[in-house]
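Here the structure comes first, spelled out in structure tokens, and everything after it is commentary.
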Amino acid sequence: MEASAKPPAIHNCTSDGGWTVVLPRRGRQRSKATKVGVSEEKQEPWAPTDSQTDPSRETSMMQKMERCINRVGSSEFYSTMRCQIQTSLSDYVHRVLGSETKMEMVVYGIGSIESYEPPRLQLSLAILMRRDFSWIGNIEVYDPVLSLSESRVIESLGCSVMSVNEHGRREAQKPTMFFMPHCEAELYNNLLQENWKLNLLRNMVLFGNSFETYKEHASLCKNSRVNSMEHILSVRRFTTEFRIKTVSDDYYNAFHDSSWHFFSPVLETELQLSDS
């Protein structure tokens, strides 16, 4: 499944033991519910489908992004987030860093920064964190919906846009922050699966949908097939999760039910899949 930013999916049981995906409305059409399975997509080249640049569109988008960055940067939401990173998360971040001085940030599923405010808020947060925390390095961004103009604006903001659709299967061979607010469960599962088999989870920091919430949804449907979440459910045994505070309604749509996740498997024998 391709990455695409949206409000977190709520999984409900169906009578045949499958899952449906119910999405809150946000003025954006999404694909309808499908039967889920473990995704095995391979990396493939990607480029924006449009080939025309539009300077006026780019100027307008850049102005929107600059206003958004300034607004988020001066908000109580960001002040609270920054305090959480500096206090509660500091030891966990430095444990992931080890002897490295920086970790790159990989942003999956950012969505259209031209059409919707939540993607602009999410990208603004990523950019502000890089500005304020010296241990955050380069930012790579991907979403299949990005236009050429959006890609150029993102690059003008100091980020790089991926030319490959990784389907979330990035190996964390070095300390890496995966910034994935409101991505789909299959994308988180792909990421965990890829690093699970290589025992690289300890190199990851993941910001995205609360895994505890996924567990709560799964517990309501014990007889359903949850293959698309098996790694999410299993990783909780050695995950430390910190929920964030959205503080105000202004940031609810972009960040509600979001958490920081840190992983600490000690032995390879712990890497056994379990739904508990």
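The values are calculated or read from the model by the stated rules, or taken from the named source; none is laboratory data. As the structure is a computational prediction, the values presented were derived from the model and not from experiment. Here the Cβ positions follow ideal geometry from the backbone for every residue, glycine too, while neighbour counts run over all protein chains shown. For accessibility, only protein heavy atoms count, side chains too; no ligands or nucleic acids. Shrake-Rupley method; radii C 1.70, N 1.55, O 1.52, S 1.80 Å.
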For the range 132-150, which positions are in a strand (DSSP E or B) and within 13 Å of Met65 (Cβ to Cβ)?
Val141
Which one of these does Val96 not meet: (1) open to solvent by less than 20 Å² (accessible area, probe 1.4 Å); (2) β-branched (Val, Ile, Thr); (3) over 27 Å from Asn165 (Cα atoms)?
(3)
If we only count strands (runs of 3 or more DSSP E) wholly inside the range 162-254, which ones have 3 or more residues that are open to solvent by 10 Å² or more (accessible area, probe 1.4 Å), touching a residue at least 24 places away in the same chain (Cβ under 8 Å) and touching a Leu at 6+ places or on another chain (Cβ under 6 Å)?
none
Just one listed residue, out of Gly73, Gly18, Gly37, is open to solvent by less than 50 Å² (accessible area, probe 1.4 Å), of a type in the set (Gly, Ala, Ser) and at pLDDT 50 or above, and it is Gly73
Index of the failed condition, Val153 passing every other in (1) under 19 Å from Leu121 (Cβ atoms); (2) part of a helix (DSSP H, G or I); (3) open to solvent by 20 Å² or more (accessible area, probe 1.4 Å):
(3)
Kindly indicate whether Arg120 is part of a helix (DSSP H, G or I) and either within 16 Å of Gly73 (Cα to Cα) or not charged (D, E, K, R) (or both).
yes
Verdict on Ser112 being exposed (fewer than 15 other Cβ atoms within 10 Å of the Cβ) and over 21 Å from Asn138 (Cβ atoms):
no
